[in-house]
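Okay, so here's the structure we're looking at.
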Amino acid sequence: MNEFEIINTFFNQPQNNSKNSNNLHNLKLSIGDDCAMFGEYLICKDLLLEHIHFFSDIDPYALGHKSLAVNLSDLAAMGSIPCFFLLGIALPNKDEAWLAQFSSGLLSLAQKHNCILIGGDTTKSTKDICISITAIGKINSKSNSKILQRNNAQINDDIWVSGLIGEARLALGHKYKEWSISAEAFEHCIQRMQMPSPRVELGLLISNMANACIDISDGLLGDLGHILKASNVSAEINIDNIALSPYLHKTQCSKDIMLNCILCGGDDYELCFTAPTTHRNAIMEVGEQLNLPLSRIGKVSSQLHNMPNISAQYEGEILSLDNTFTSFMHF
Ligand code: ADP
Ligand code: MG
C-alpha cells in the first residue's frame with residue numbers, strides 16, 4: 001500500500017463524508033485536495049520530521065520558515081488568503097538559541113503574509129524534532145475568483161507551471177552524493193530547498209482565471225497526475241517549454257539528472273495549474289508583475305482507456321515515462 005492507498009483505505013471512510021455532517025458543519029471540501037474548506041475558510045496541515053523532511057544540521061531559521069512555507073503553499077494552491085496558523089512542535093531538548101532562530105524564521109514569514117499564530121502544542125520528544133502546522137486561509141472575495149480545486153481541469157486547458165522547478169532536488173541529490181554540483185549551484189539550490197517561497201500572490205492572481213491548481217511538493221509528474229486523476233483527464237506536455245534553471249542546463253549537468261530533477265523533484269513548492277487558452281496573455285502579465293517565470297508546458301487532453309495519462313515530449317521526441325520517473329511517496 002502506498003501513502004495514498006493508506007489514506008483512502010483507513011482515513012477517507014464513507015461515514016466521514018456523510019451528507020449530514022457536511023451540512024451541519026458547512027463543510028464544502030474534505031480529504032483529497034490541498035486544503036479542506038468549511039464556510040469561507042480553507043484549512044490544511046503538513047508535518048515535518050527530522051531525518052525524513054530535513055537534515056539535522058538545517059539552520060533553525062530556515063526550518064522555521066519552511067515549516068510555515070509548506071502550509072502557505074497549500075493555501076496558495078487553492079487561491080486563498082492566509083489568516084491564521086497553529087504550531088505543534090516536539091523537541092528533544094530546550095536549546096534557547098535554537099528556539100530563538102526557529103521562531104524568528106517562522107514569524108518573519110508569518111508577518112510577511114499577515115498570518116497569525118493562534119495556538120498549538122509543545123512537547124518533549126525522545127529523539128527527533130517534529131513540527132506540524134495547521135494553517136487557515138480565507139477565500140478570495142475578488143470578483144470572479146474561485147477556489148482552485150484539483151478536480152476542475154477542462155479538456156484543452158493550457159497547463160502552466162511557475163518558477164524554476166527541480167532546483168531543490170538538485171541540491172538534495174548533491175547532499176545524498178547521487179551527483180555532484182558546483183559550490184555556487186549548491187549554495188543557490190539548497191536555499192531553494194530550505195527556504196521555499198510559497199506562491200501566495202500567484203495563487204490569488206490566477207484565482208479568477210485558472211480551472212485547477214496544485215502545489216508541487218512531491219514532483220511535477222506526480223502532482224500534475226493528482227489534477228488529472230481528480231479531473232478525469234490526461235495531459236500532453238512539452239518539457240522543452242519548462243523554464244530551466246541555469247544549474248540544470250546541459251552545460252552544468254546531464255540530461256538524466258535534469259529530467260529527474262524537473263519531472264520528479266519535490267520540495268519546489270511552485271504551482272502547477274490549468275487555465276483556458278483565452279487567459280494566456282493575462283497569465284503572462286501576472287508572471288511579469290510578480291517577476292516569476294510562468295511556463296506554458298502543455299495542454300489537458302481527454303483520457304484514453306479511462307486512465308489519466310501524461311504524454312511528454314522532449315527535444316521533439318516522445319519521452320517514455322517509465323519507472324525511472326517516479327514522484328516522491330512515503331511508503
Ligand atoms: P499535500 O501534499 O497537498 O499536503 P497530501 O498528498 O499529503 O497533500 O494528501 C492528500 C490528501 O489527503 C489531502 O487532502 C490531505 O489533507 C489528506 N490526508 C493526508 N493524510 C491524511 C490523514 N492521515 N487523514 C486524513 N486525511 C489525510
Ligand atoms: Mg499540496
Residue that is farthest from ligand 1 (Cβ to nearest atom), among those in the range 208-240 that are in contact with a Lys or Arg (Cβ under 6 Å, 6 or more places away or on another chain) and more than 21 Å from Asn323 (Cα to Cα): Ala212
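Considering only the range 289-305, state which residues are in a loop (DSSP other than H, G, I, E, B) and either without any contact (Cβ under 8 Å) to a residue 12 or more places away in the chain or over 21 Å from Asn152 (Cα atoms) (or both).
Just the residues of the range 289-305 that are in a loop (DSSP other than H, G, I, E, B), to begin with: 291-293, 302-303, 305.
Across the range 289-305, the qualifying residues are Asn291, Leu292, Pro293, His305.
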Among the residues of the range 83-95, is any in contact (Cβ under 8 Å) with a residue 60 or more places away in the chain and not hydrophobic (A, V, I, L, M, F, W, C)? no
Pair list, Cβ < 6 Å and 6+ apart or interchain, from the range 23-46 residues that are away from ligand 2 (no atom under 16 Å from the Cβ) to residues that are of a type in the set (Gly, Ala, Ser): Asn26/Gly39
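Could you say whether any residue in the range 273-289 is touching a His at 6+ places or on another chain (Cβ under 8 Å) and not charged (D, E, K, R)? Show your work before the answer.
The first filter runs over the range 273-289 and keeps only residues touching a His at 6+ places or on another chain (Cβ under 8 Å), leaving none.
Scanning the range 273-289, I find no residue that is touching a His at 6+ places or on another chain (Cβ under 8 Å) and not charged (D, E, K, R), so the answer is no.
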Look at Gly120 and say whether it is assigned to a strand (DSSP E or B) and in contact with a Cys (Cβ under 6 Å, 6 or more places away or on another chain). no
How many residues, within the range 184-205, are assigned to a loop (DSSP other than H, G, I, E, B) and either under 24 Å from Tyr314 (Cβ atoms) or open to solvent by less than 40 Å² (accessible area, probe 1.4 Å) (or both)? 2
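From the list Cys261, Cys272, which residue is open to solvent by less than 40 Å² (accessible area, probe 1.4 Å) and in contact with a Lys or Arg (Cβ under 7 Å, 6 or more places away or on another chain)? So that I can check it myself, show each step before the final result.
On the way: Cys272 fails: in contact with a Lys or Arg (Cβ under 7 Å, 6 or more places away or on another chain).
From the options Cys261, Cys272, the qualifying one is Cys261.
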Please go through the range 30-42 and give me each residue that is buried (at least 19 other Cβ atoms within 10 Å of the Cβ) and either more than 9 Å from ligand 1 (Cβ to nearest atom) or modelled with pLDDT under 95 (or both), ordered by number. Met37, Leu42
Any residue at all in the range 96-115 that is of a type in the set (A, V, I, L, M, F, W, C), without any contact (Cβ under 8 Å) to a residue 60 or more places away in the chain, under 28 Å from Ala212 (Cα atoms) and surrounded by fewer than 18 Cβ atoms within 10 Å (Cβ to Cβ)? no
Among Ser73, Ser67, the single one that is among the hydroxyl-bearing types (Ser, Thr, Tyr), within 14 Å of ligand 1 (Cβ to nearest atom), part of a helix (DSSP H, G or I) and touching a helix residue (DSSP H, G or I) at 6+ places or on another chain (Cβ under 7 Å) is Ser67
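Condition check ((1) modelled with pLDDT of 95 or more; (2) hydroxyl-bearing (Ser, Thr, Tyr); (3) within 16 Å of ligand 2 (Cβ to nearest atom)) across all residues:
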position: Pro14; (1), (2), (3): no, no, no
position: Asn17; (1), (2), (3): no, no, no
position: Asn20; (1), (2), (3): no, no, no
position: Glu50; (1), (2), (3): yes, no, no
position: Asp57; (1), (2), (3): no, no, no
position: Ser67; (1), (2), (3): yes, yes, yes
position: Asn71; (1), (2), (3): yes, no, yes
position: Ala77; (1), (2), (3): yes, no, yes
position: Leu87; (1), (2), (3): yes, no, no
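The values are calculated or read from the model by the stated rules, or taken from the named source; none is laboratory data. Nothing here was measured: the structure is a model prediction, and the numbers come from that model. Positions of Cβ are backbone-derived with ideal geometry, glycine not excepted, and every protein chain shown enters the neighbour counts. The protein model used for the area step is the full one, side chains on, heavy atoms only, and it has no ligands, DNA or RNA in it. Shrake-Rupley method; radii C 1.70, N 1.55, O 1.52, S 1.80 Å.
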